[in-house]
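Asks: Quick one: the structure is below, questions incoming.
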Amino acid sequence: MKKGKKLYEGKAKIIYASNDKNLVIQHFKDDATAFNNQKKDIIEGKGILNNRISEHILTQLSNVGIKNHLVKRLNMREQLVKLVEIIPIEFVVRNIATGSLTKRLGIEDGTVLEYPLIEYCLKNDELGDPLVSKEHIYAFNWMSVMELDWIDEQIRRINDFLQGMFRGVGIKLVDFKVEFGRFEADGKREIMLADEISPDTCRLWDMRTDKKLDKDRFRNNLGNLVEAYQEVAIRLDILHEQSNIRPLTYPKPKAVKIKKK
Ligand code: TMP
Ligand code: ASP
């Protein structure tokens, strides 16, 4: 697949043209941003891990019939994906209250929600991705009623699937964000999931300890982000050992004196 010119650069990814007009190359950068780009850094190895984790998750979703933009992973940092027209809404799904929900509504951090909560945010960095209602979505023609109903159903299926997948490896899926796009080829139009799913876009807590295994390590200055993402990859059986990204660092074992009886 030949890489063409740069079409778009976002905060964490770059999109390049390919030699197929319906497909583009998505490059995962090491850049980390938070709070609408106010906090920035480069975290070596993050892009490689997100590429692998997202490939794994989107492939699993395809296997259960959830259409998405992934065609195939090309190399350590790049995927071939379908060229879609992105719907300008960020869909946030929450199973446990934390982050902006607790700040906005004063809900206690860690409250387990009885049902998954879906929120819609307008994808607009200048406005800080404001929360919008279904009525806003219809009023400004961002989606039709049919499209939104269909996406809501897909999102619930994605949430069910991901919750089960992560639960199986000892991780709680606290919340996540996804985007959808309209794909048109050979006179056929369809809507599909068109986003990465990775620790950059999900909140993942260790089941036993609630240790954060996601981008909150960067947002909240907790450190060891790459190590946490590696742990997610190892638990999902994508990385088999410390491999080629960066060695996992373990504290040096203390010398233990054995008392003579
Ligand atoms: P929030 O609590 O900050 O609204 O975030 C909810 C979820 O959405 C969390 O898993 C992080 C993810 N998210 C993104 O992927 N991109 C974003 O720009 C924001 C604000 C959140
Ligand atoms: N990705 C967003 C930003 O850069 C926000 C976030 O993930 O917290 O600002």
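The values are calculated or read from the model by the stated rules, or taken from the named source; none is laboratory data. Since we're looking at a predicted model, the values are computed, not measured. All Cβ positions, glycine included, derive from the backbone under ideal geometry; neighbour counts span all protein chains shown. Note: accessible area is taken over every heavy atom of the protein model, side chains too, but ligands, DNA and RNA are not part of it. Shrake-Rupley method; radii C 1.70, N 1.55, O 1.52, S 1.80 Å.
Asks: Over the chain, what is the relative contact order in percent, taking alpha-carbon pairs closer than 8 angstrom and at least six residues apart?
Replies: 17 percent
Asks: Now, a different point. Rank these residues by their accessible area, most exposed first, probe 1.4 Å: 148, 70. Display every interim value, and only then the final one.
Replies: Working: 148 0, 70 30 Å².
My answer, sorted largest first, is 70, 148.
Asks: Among the listed pairs 103/188; 3/103; 21/215; 29/123, give every one whose C-alpha distance is greater than 31 Å.
Replies: Details: 103/188 43 Å; 3/103 43 Å; 21/215 33 Å; 29/123 20 Å.
Table pairs above 31 Å Cα-Cα are 103/188; 3/103; 21/215.
Asks: With a 1.4 Å probe and all protein chains kept in place, how do 161, 166 rank by accessible area, largest first?
Replies: From most exposed to least exposed: 161, 166.
Asks: Right, here's the next one. Rounded, prolate or oblate: which fits region 87-197, taking a ≥ b ≥ c as square roots of the Cα gyration tensor eigenvalues, rounded meaning a/c under 1.5, else prolate when a/b beats b/c?
Replies: Oblate, since a/c reaches 1.5 and b/c is not below a/b.
Asks: Determine the sum of side-chain charges near residue 20: Lys and Arg each +1, Asp and Glu each -1, restricted to other residues whose C-beta is under 11 angstrom from that of residue 20.
Replies: On the way: positive: 2, 21, 82; negative: none.
For residues surrounding residue 20, the net value is +3.
Asks: Can you tell me the order of 117-130, 168-181 when each peptide is scored by its average per-residue count of other Cβ atoms within 10 angstrom, highest first?
Replies: 168-181, 117-130
Asks: Expressed as an acute angle from 0 to 90° and rounded to the nearest 10, what is the orientation of the C-alpha long axis of helix 46-63 relative to the principal long axis of the chain?
Replies: Between helix and principal axis, roughly 60 degrees.
Asks: Label residue 190 and residue 238 with points 7 Å out from Cα along Cα→Cβ: what is the distance between them in nm?
Replies: Between residue 190 and residue 238, the simple spin-label model gives 2.3 nm.
Asks: Moving on. Could you please report the charge total around residue 210, scoring K, R as +1 and D, E as -1 over all other residues with beta-carbon less than 15 angstrom from its beta-carbon?
Replies: Numbers: positive: 167, 172, 203, 208, 211, 212, 217; negative: 108, 109, 175, 206, 214, 216, 231.
Counting the neighbours of residue 210, the net charge comes to 0.
Asks: Something else about it: What's the local net charge at residue 87, with K and R +1, D and E -1, over the other residues with C-beta under 10 Å away?
Replies: Charge balance in the 10 Å sphere: -2.
Asks: To the nearest 10 degrees, how steeply does helix 225-235 sit against the main Cα axis of the chain, on a 0 to 90 scale?
Replies: 90 degrees
Asks: Got a number for carbon plus sulfur as a percent of region 1-148's accessible area, 1.4 Å probe?
Replies: Working: 4190 of 7950 Å².
Accessible surface attributable to carbon and sulfur in region 1-148 totals 53 percent.
Asks: Distance between the C-alpha centers of region 175-190 and region 101-155? Whole Å please.
Replies: 18 Å
Asks: For the chain, what does the helix formula give at 222 nm: sum of -39500 (n - 2.57) over DSSP H segments with n ≥ 4, over the residue count, nearest 500 deg cm²/dmol?
Replies: -8000 deg cm²/dmol, from helical runs alone.
Asks: What is region 16-105's relative contact order, in percent, from Cα pairs under 8 angstrom and six or more apart in sequence?
Replies: It comes to 27 percent, rounded to a whole number.
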